[in-house]
Amino acid sequence: MVRFLHTSDWQMGMRAVHAGVKAKEVRDKRFDSAQRVVDLAKEHQVDFVIIAGDVFEHHDVDEVVVKRTVDILNHFGPITVYVLPGNHDPYVPGGVWGRQSWHRVGPHVILCTEPKEVEFNDRVAIYPCPLTQKRSTLDPTSWIPERAHGDTRIRVGIAHGALDLLPDSVN
C-alpha cells in the first residue's frame, strides 16, 4: 500500500484584488492552508506529497512570498514532496524556480522539471508532466510510456492545467 497526499493551486502571491480590503487576509490564509496540508501529511503519515502545479501565482511574486513558501515546504521533511511547475509558474528561464530563495528548499522537495520517470521506491513510479509555458495545445502527458509487461508498480502521473483541444480531436 502507498499513501500520498495530492494538492495543487496554492497560487502563493496572488494579488487577490477581487477581494478588495480583504486581499491581504486572502493571501495570508493561503499560507495557513499550506501549513494545514503539512499537518495533514504528517498526521496521516503519507509516503509522499504531490503539489501538482501553481505553487506560485506568477513569476514576479515578492521574495518574501517565496521564502515563506519554502519555509512551509521545508516543514514537510522528511516526507518527500514532488512539486510540478504549472501554467501560472511554468519552468522557464528567469522564472520563480531559479530564485536564490527557492534554492533554500530541503532535499526532500523535488522540483519536477523534466518529463521523465522518477522512482519513489521499487513499488511506485512517478510520471511528472511539468509545464514550460503558460498556454499550450500540447498534451503534457503524451510522453508517459505504456506499462511494460510485468510492471506491477503503482504508476502516478502528475499533470496540471487544461488542454485547448477540440472534442473531436481527442483519441
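The values are calculated or read from the model by the stated rules, or taken from the named source; none is laboratory data. In this text, all values refer to a predicted model and were calculated from it rather than measured experimentally. Positions of Cβ are generated from backbone atoms using ideal geometry, with glycine treated the same way; all protein chains shown enter the neighbour counts. These area figures cover heavy atoms from the full protein model, side chains too; ligands, DNA and RNA do not enter into them. Shrake-Rupley method; radii C 1.70, N 1.55, O 1.52, S 1.80 Å.
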Selection within the range 72-114 - among the charged types (D, E, K, R) and either surrounded by 15 or more Cβ atoms within 10 Å (Cβ to Cβ) or in a loop (DSSP other than H, G, I, E, B) (or both): 89, 99, 114
Total residues in the range 146-171, condition at pLDDT 85 or above, of a type outside the set (Ser, Thr, Tyr) and either loosely packed, with under 10 Cβ neighbours inside 10 Å or outside any loop (DSSP other than H, G, I, E, B) (or both): 9
Unmet requirement for residue 54, which otherwise passes all of (1) of a type in the set (D, E, K, R); (2) open to solvent by 40 Å² or more (accessible area, probe 1.4 Å); (3) modelled with pLDDT under 95: (2)
Evaluation of residue 140 against (1) crowded, with 18+ Cβ neighbours inside 10 Å; (2) modelled with pLDDT of 90 or more; (3) not small (Gly, Ala, Ser) (one fails), failing number: (2)
Cβ pairs under 7 Å, 6+ apart, first in the range 99-117 and under 10 Å from residue 82 (Cα atoms), second part of a loop (DSSP other than H, G, I, E, B) and among the hydrophobic types (A, V, I, L, M, F, W, C): 108/76; 108/79
Looking only at the range 115-133, and only at residues there that are assigned to a loop (DSSP other than H, G, I, E, B) and either over 24 Å from residue 59 (Cβ atoms) or out of contact with any Cys (no Cβ under 7 Å at 6 or more places or on another chain) (or both), the one that is least open to solvent (accessible area, probe 1.4 Å): 129
Verdict on residue 9 being surrounded by 19 or more Cβ atoms within 10 Å (Cβ to Cβ), on the phi > 0 side of the Ramachandran plot, in contact (Cβ under 8 Å) with a residue 24 or more places away in the chain and part of a loop (DSSP other than H, G, I, E, B): no
